[in-house]
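Here is the structure we will look at.
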C-alpha cells in the first residue's frame, strides 16, 4: 500500500522484475531503472536472457513501449506477472548529464507544473515547448501509455494502475529535471476520468494532495484530432469535460490559469503564468 502525505491508499506492487543490464548503459536504461525502483517495493534486476528460478514470483515486469512485442511483455506473460509499460520523459537525453548519481532516494522538492484539460487540447505540445523553455523534462501522460498498451476499457483497477504509473514516472523524472518539472496530466485529472468512465471514483482520489504547484488548464479552442485512443470527439462533450476540469481545480482550491489561443499565444501565456507564480524557476 502507498499511504503518505497525499492520502492515496494504493496497492503498490510488492515484487518487480527489470530485465536489463545491472549497469545501465545509457539514459533510457537509467531512467527505466529509476522508474522501476519508484514503482515497486522490491526490485530484481536481471540481465537479458537470464531465466527466473522456478520458485521466483513477480507481481510486475517493467519495459518500454506499448506494443504486443514490447520488451518485457512476453516475459511477464510467461511468469504470470503484470506488464508495466514505461515511457521516457521528454528531453531525457538533454538532461542526462545533470542527473544525480546513485539510486533514487527521497523525492526532490521541486516546483511542478501540470498540463490539465480535456483530451486533444494541446497539453503535450505545450508541455514539450515548456520543457524546452525551462531546460527540464516532462513526465508523459501515463494514462495514454496505459490505454495504448491495454485498450480503452478502464475499470477501477486500471485507473489505480494509471495513478501508480504516473506517481512512479513523476518521481523518476524529478531526478532529471531542472528548476521545475512539467507533468502531462496528473491523478486529479484521472479522478475526473474515473467519474466519466465508471460513474464514480475511489475515495482515495479525494484524499490525494500530492498536487502540482500550478495547473495550466488548456482550452477547447483547437480542433479535435482522433488518434485511436481518444474518447469524446463531440464539441459538446469536450466543453462539458472542460467545465468539469475547471470545477475540480476550483473545488480543490488548486492554483490554475486557463490557456487558450494558437501555439505561440499559449506558450507566451503559460510562460508568463509560471514566471509570475514561481519566479525562481526562470533562472
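Please determine, by comparing only the residues of segment 19-39 that are touching a helix residue (DSSP H, G or I) at 6+ places or on another chain (Cβ under 9 Å) and more than 22 Å from residue 177 (Cβ to Cβ), which one is surrounded by the most Cβ atoms within 10 Å (Cβ to Cβ).
The qualifying residue surrounded by the most Cβ atoms within 10 Å (Cβ to Cβ) is 20.
Collect the residues in segment 181-204 that are part of a helix (DSSP H, G or I) and without any contact (Cβ under 8 Å) to a residue 60 or more places away in the chain, keeping them in residue-number order.
190, 191, 192, 193, 194, 195, 196, 197, 198, 203
Under 6 Å between Cβ atoms, at least 6 apart or on separate chains: pull out the pairs that start in segment 245-269 with a residue that is in the same structural domain as residue 127 (by TED's automatic domain parsing) and modelled with pLDDT of 95 or more and end on any residue that is surrounded by 14 or more Cβ atoms within 10 Å (Cβ to Cβ) and assigned to a helix (DSSP H, G or I).
248/192; 256/249; 257/273; 259/266; 259/269; 259/270; 266/126; 267/129
From the list 155, 105, 117, 151, which one is touching a strand residue (DSSP E or B) at 6+ places or on another chain (Cβ under 8 Å) and either touching a residue at least 40 places away in the same chain (Cβ under 8 Å) or surrounded by fewer than 20 Cβ atoms within 10 Å (Cβ to Cβ) (or both)?
Answer to the selection: 117.
Return the only residue of 218, 190 being in the same structural domain as residue 127 (by TED's automatic domain parsing), under 21 Å from residue 160 (Cβ atoms) and either surrounded by 18 or more Cβ atoms within 10 Å (Cβ to Cβ) or under 17 Å from the mean Cα position of the chain (by Cα) (or both).
Checking each option against the conditions leaves just 190.
Can we say residue 145 is assigned to a helix (DSSP H, G or I), crowded, with 17+ Cβ neighbours inside 10 Å, under 17 Å from the mean Cα position of the chain (by Cα) and in the same structural domain as residue 242 (by TED's automatic domain parsing)?
Yes; evaluated as a whole, the condition is true for this residue.
Just the residues that are without any contact (Cβ under 8 Å) to a residue 24 or more places away in the chain and part of a helix (DSSP H, G or I), please, taken from segment 270-283.
272, 275, 276
Residue 124 fails exactly one of the following numbered conditions: (1) assigned to a helix (DSSP H, G or I); (2) touching a strand residue (DSSP E or B) at 6+ places or on another chain (Cβ under 8 Å); (3) surrounded by fewer than 17 Cβ atoms within 10 Å (Cβ to Cβ). What is the number of that condition?
Residue 124 satisfies every listed condition except (3).
Of the residues that make up segment 148-164, is at least one farther than 29 Å from residue 61 by Cβ, in contact with a helix residue (DSSP H, G or I) (Cβ under 9 Å, 6 or more places away or on another chain) and outside any helix (DSSP H, G or I)?
No: zero hits.
Would you call residue 99 surrounded by 15 or more Cβ atoms within 10 Å (Cβ to Cβ), at pLDDT 90 or above and over 17 Å from the mean Cα position of the chain (by Cα)?
Judged against the criteria, residue 99 is not a match.
The values are calculated or read from the model by the stated rules, or taken from the named source; none is laboratory data. Predicted model, so just to flag it, every value in this text is computed and none were measured. Neighbour counts run over all protein chains shown; Cβ positions are idealised from the backbone, glycine included.
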